[in-house]
Amino acid sequence: MNHQAIRDQLPQLVAGHVPSNTRRFKFRIFDGKRQESQLGFHVDPQAFSGRVIAKTDEAIVVKTGRTEFAVLDRHLTTPEPDEGANVHVQPYVRRRFDGQRADTPEEQTEYTANGTPYVVKRMILGSAPAKLPVPEPRCPELQDLIRQLETLPAPDGIRCITHLLVDAGARDFALVDPLSKDIIATPPTISFTVATAKFTGRVSVLYERAGDSYVLALHQGDVLIERVDSVFFDSLGDTLARLIDDGEWRRIHIDVLPRGRKPTRH
């Protein structure tokens with residue numbers, strides 16, 4: 001989406017939808033790109049509601065407040081609403097494997113000196129972890145692999161690798177967790193199933209001690225579909241994206257509200 005072109009068009013597009021005494025209006029653009037706060041932290045947008053007031057070849061403009069608007073990339077919206085429709089919009093947000101937003105504060109039970117439990121919520125600004133739903137392994141190389149999947153970026157610059165796995169529907173995780181003396185005969189491995197338009201089946205990531213690298217193997221049942229050797233840690237995200245990421249996660253999901261139901265203002 002051409003941001004400058006949208007900025008140039010917006011005053012004319014919203015002219016009939018703001019009070020006559022208003023000289024300024026606010027807008028946000030949602031086009032599948034990274035969203036940042038005023039402090040520069042990566043943030044995931046909240047869902048919002050509004051009314052579609054205009055459409056161009058590239059954009060759908062939604063009025064979300066008295067002088068506030070959202071500009072949606074028309075090519076990413078699903079389904080595409082008609083002009084005048086009241087809509088509820090959910091842009092992409094990073095999620096955990098349990099389905100919650102990845103920026104949901106983490107809860108941990110602590111105890112007072114007399115043993116009374118209390119819950120502490122922790123959140124680091126800009127942090128949205130998606131921890132793998134696997135037990136802590138004993139194998140150091142497997143520990144490193146898990147840490148890399150949870151912290152290294154996906155090539156889109158928005159997600160970590162585990163967010164990519166969440167978006168690919170990764171589930172049924174399994175570990176091969178050998179003793180250190182056995183890592184050549186029994187390579188440390190994490191495997192899981194995914195279901196995307198690009199690949200549906202089981203993905204295995206194996207550590208190869210000889211090359212200090214990984215092997216990625218894709219199976220459908222007992223059939224090996226593809227094997228990629230010599231994948232170094234800094235190529236994990238690119239390789240997994242190439243093999244299993246279909247890009248559908250970028251979609252901006254829209255629910256058209258029933259006629260007569262007013263959109264919620266945020």
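Results, tabulated for the structure shown:
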quantity: Which listed pairs, of Lys33/Lys63; Lys131/Lys181; Lys63/Lys121; Lys55/Lys131, have C-alpha distances above 32 Å, in listed order; calculated: Lys63/Lys121; Lys55/Lys131
quantity: Listed peptides 67-73, 12-18 by packing density, highest first (mean Cβ within 10 Å); calculated: 67-73, 12-18
quantity: Arg147 paired with Thr56, simple spin-label distance in nm, labels 7 Å along Cα-to-beta-carbon; calculated: 4.7 nm
quantity: Alpha-carbon centroids, segment 14-86 and segment 107-164: separation in whole Å; calculated: 33 Å
quantity: Karplus-derived HN-Hα couplings along segment 227-235 (A = 6.51, B = -1.76, C = 1.60, θ = phi - 60°), whole Hz, x at Gly and Pro; calculated: 9, 10, 9, 6, 9, 7, 4, 7, 10
quantity: Prolate/oblate/rounded call for segment 114-225, Cα gyration tensor, a/c under 1.5 rounded; calculated: oblate
quantity: Chain lengthening between His253 and Ser213 when straightened (0.36 nm per residue, less Cα-Cα); calculated: 10.6 nm
quantity: Chain lengthening between Phe173 and Asn21 when straightened (0.36 nm per residue, less Cα-Cα); calculated: 48.9 nm
quantity: Cα gyration tensor category, rounded, prolate or oblate, for the chain with a/c compared to 1.5; calculated: prolate
quantity: Cα centre as origin, Lys/Arg/Asp/Glu Cβ charges: segment 123-254 dipole, Debye; calculated: 260 debye
quantity: Cleavage-rule hits (trypsin sites (Lys or Arg not before Pro)) in segment 1-41: DSSP loop, at most 15 neighbouring Cβ within 10 angstrom; calculated: Arg23, Arg24, Lys33, Arg34
quantity: Sites Gln108 and Lys181 - FRET efficiency at Förster radius 41 Å, r taken between beta-carbons, to 0.05; calculated: 0.70
quantity: In nm, spacing of pseudo-spin labels at Gln35 and Glu83 (7 Å Cα→C-beta vector); calculated: 2.6 nm
quantity: Per-residue [θ]222 nm for the chain (sum of -39500 (n - 2.57) over DSSP H runs n ≥ 4, rounded to 500); calculated: -4500 deg cm²/dmol
quantity: Label-point separation, Arg227 to Gln12 (7 Å along Cα→Cβ), nm; calculated: 6.0 nm
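Rule-based calculations on the coordinates, nothing more; no lab input. Only a predicted model underlies this, so the values are computations on that prediction, with no experimental measurement involved. Reconstructed Cβ throughout: ideal geometry from the backbone, glycine too, with neighbour counts over all protein chains shown.
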